[in-house]
Structure formats: structure tokens, C-alpha cells
Amino acid sequence: MPEKPQLLEAPYRLKKIVQETPDVNSFVFEPLQEYNIKFDPGMFVMLQYRGPDEKIARAFSIASSPLEKEMEFIIHMIHGRFTKHLDTAKEGDIYYITGPYGQFRFDPNVNKKVLFIAGGTGIAPFISMLRYIDQMHLDTEIKLLYSVRYVDEIIKRQELDDLTKRIKLDYAVTVTRPNEDRGRGWNGLTGHVDASMIANYAKDVNERTSYICGPLGFVKAVKDALKSLNISEASIKADVWG
Ligand SMILES: Cc1cc2nc3c(=O)[nH]c(=O)nc-3n(C[C@H](O)[C@H](O)[C@H](O)COP(=O)(O)OP(=O)(O)OC[C@H]3O[C@@H](n4cnc5c(N)ncnc54)[C@H](O)[C@@H]3O)c2cc1C
């Protein structure tokens, strides 16, 4: 693994807000200064709000590629202590970004065949990896298993479809609540990611490096499932948000 990029703090200006799904927005920031934060795909930063009322920071995975100047985040709008500030954020607002952090790093020289397993907004670091693979014209063989509760929660669906035409990406979405109002008409996989779903979807899982990202319960369950398929700890990389 190459050396970790240097840790920096820098002010960024909010450039664009996009509603991706009913509860998830993406936020694109541009650096205010000449230099910007360097990172490897998969890493995260601390995003800090500095207002008259309070200063508060939270960790967010970077969804943009390291080759882009702007930094994008995909954020579940839960109206919590930090995310409530994003509810009223507007273009031009200044936030401070410190980073990068994390061991969840994609190294294209080592990881030629990968299985990405994402839960909800846990898709964010994989979007960064996929964009990087696309921009670098890498021949990484990728399988992506993506778990959402409802069909309308699939983030960046069009982009994922487009990427399948340009890079060696195959992806499958599993919907865990297909029978509720927001899940009708779904013909794809259903239910939580478990060992049999992984084994059916990625028959050569033992030849791949597996990356898991999502909430604590999700990551733990998927890790256990991989271990039950005799996948060694060394071939599993996990990023937990809990
Ligand atoms: C390494 C890392 C990377 C991360 N990357 C991302 C990312 O890319 N995208 C992302 O969205 N998050 C990410 N997170 C989570 C993020 O850091 C924050 O924890 C999250 O945004 C919630 O912060 P908050 O201050 O708004 O909530 P807090 O006020 O800190 O609330 C914490 C918890 O309380 C509960 N809660 C509070 N208010 C509500 C509410 N109104 N409705 C429902 N539940 C509530 C939730 O369980 C929530 O997780 C990441 C975390 C880590 C550690």
C-alpha cells in the first residue's frame, strides 16, 4: 500500500446540493485555496460546520475521485446534530475539511479483482473507487452488491448503469423491504445480504478482495457471512460508520 497522503485542514465552499433519494443528498464542495486535500479512493475526512451557534464536525467518506478538484459527499439527512445544519445549507457556505483518514483504501496495483458490498449511503466510498477506476481506465474486475431498504433509495443508479458500459463492473441491488409501498414492482434480489446471496452472486468470492461499507450491524453481518464462506480476514476490508 502506498504511503498515506498528508493530513491537511482546508476551507471549502459549498458548490452544489443534489437530492439523490428521499432521505439522501449529495454535497459538492470546491477548495477555497490553491492546494486541496489529497486522498486515496475509499478514505474519509472530517467535515466541520463553523457557525455562530456551534462548531461541529463529523466523518464523511469521500464520494468523488481523487483526480477531481471538487469533493463530493453522499449524506443521509437524519436531522441529527451535524446533519441539521446541512438541512439549511446553501451554495456559497464555507465548511472546513480535515483529512484524509482511514485504512479503507483502494490500491489498484494490489486489488485486481474485488467484491464491493455496500449498505445504504455506504455506497459513497465505492463511488469514489469506481470513478477513479473509470478515469484511470483500469481493468479491475468489480462485482458490487448493494443493499437498500427501498427501490427509491438506490443512490447514483444512472451513474452505476453508465459505468457498467465503460469499466469491468457488474452490480446487483438487493432490496430489503420489497413489499412495502416504496418497493413494489421490483424484480431483482430481495432480503439482507447473507452467505448464500454472496456465494450466488460472486461465485469466485474467494479470489476477490472484499470491501464492506455501511452501518455497524450491516458490516458485522456481512463480515460474518464472508467468514462462513471461509474467506480469510486478510482479504476483507471494512469501513464502519457506527
Ligand atoms: C468513517 C465514517 C465515514 C462516514 N461516512 C458517512 C457518509 O459518507 N455519509 C453519511 O451519511 N454518514 C457517514 N458517516 C456518519 C456521520 O459521521 C454521522 O455520524 C452522521 O451524519 C450523523 O451525524 P449527526 O450529527 O447528524 O447525528 P447525531 O446527532 O450524532 O446522531 C447520531 C445517531 O443518532 C441517531 N439520530 C439522531 N437524530 C436522528 C433523527 N432525526 N432521525 C433518526 N436517527 C437519528 C442516529 O442513529 C444517528 O446515527 C460516517 C461515519 C464514519 C465514522
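The values are calculated or read from the model by the stated rules, or taken from the named source; none is laboratory data. What you see is a predicted model, and the numbers here were worked out from it, not measured in a lab. Cβ sites come from the backbone with ideal geometry, for glycine too, and all protein chains shown count toward neighbours. Accessible surface is based on the protein model in full, side chains and every heavy atom, while ligands, DNA and RNA are left aside. Shrake-Rupley method; radii C 1.70, N 1.55, O 1.52, S 1.80 Å.
Surface composition of the chain: carbon and sulfur atoms hold 48% of the protein heavy-atom accessible area at a 1.4 Å probe.
Suppose all protein chains stay in the model; what accessible area per residue would a 1.4 Å probe give for the stretch 119-242, in Å²?
Numbers: 5890 Å² over 124 residues.
Result: 48 Å² of accessible area for each residue.
Helix-only arithmetic for the chain: the sum of -39500 (n - 2.57) across DSSP H runs with n ≥ 4, divided by the residue total, places the mean residue ellipticity at 222 nm at -5500 deg cm²/dmol. Think of a 1.4 Å ball rolled over the protein heavy atoms: the stretch 8-101 then has 47 Å² of accessible area per residue. Computed from phi, the 3J(HN,Hα) profile of the stretch 43-57 under the Karplus parametrisation 6.51, -1.76, 1.60 (θ = phi - 60°) reads 7, 10, 10, 9, 9, 10, 9, 10, x, x, 7, 6, 10, 8, 10 Hz, with x in place of Gly and Pro.
Work out the length of the dipole vector of the stretch 8-101 about its Cα centre, built from +1 on the beta-carbon of each Lys and Arg and -1 on the beta-carbon of each Asp and Glu, and round it to the nearest 20 debye.
Values: 11 positive and 14 negative charges, 39 e Å.
Rounded to the nearest 20 debye, it is 180 debye.
Taking a ≥ b ≥ c as the square roots of the Cα gyration tensor eigenvalues, with a/c under 1.5 meaning rounded and otherwise prolate when a/b beats b/c, else oblate, which class fits the stretch 113-240? Oblate, since a/c reaches 1.5 and b/c is not below a/b.
How high is the relative contact order of the stretch 8-101, given as a whole-number percent (alpha carbon pairs under 8 Å, six or more residues apart)? Can you show the working numbers first?
Values: 199 pairs, mean separation 37.1, N = 94.
The value is 39 percent.
For trypsin sites (Lys or Arg not before Pro), the sites in the stretch 13-56 that DSSP calls loop and that have at most 15 other Cβ atoms within 10 Å are 38. Applying the Karplus relation 6.51 cos²θ - 1.76 cosθ + 1.60 with θ = phi - 60° to the stretch 19-25 yields 3J(HN,Hα) values of 7, 8, 8, x, 10, 10, 10 Hz, where x marks Gly and Pro.
Residues of the stretch 87-101 falling in the label zone of residue 35, defined by backbone nitrogen less than 13 Å from a point 7 Å along Cα to beta-carbon, are 99-100. The value of relative contact order for the stretch 113-240, using C-alpha pairs under 8 Å at least six residues apart, is 28 percent.
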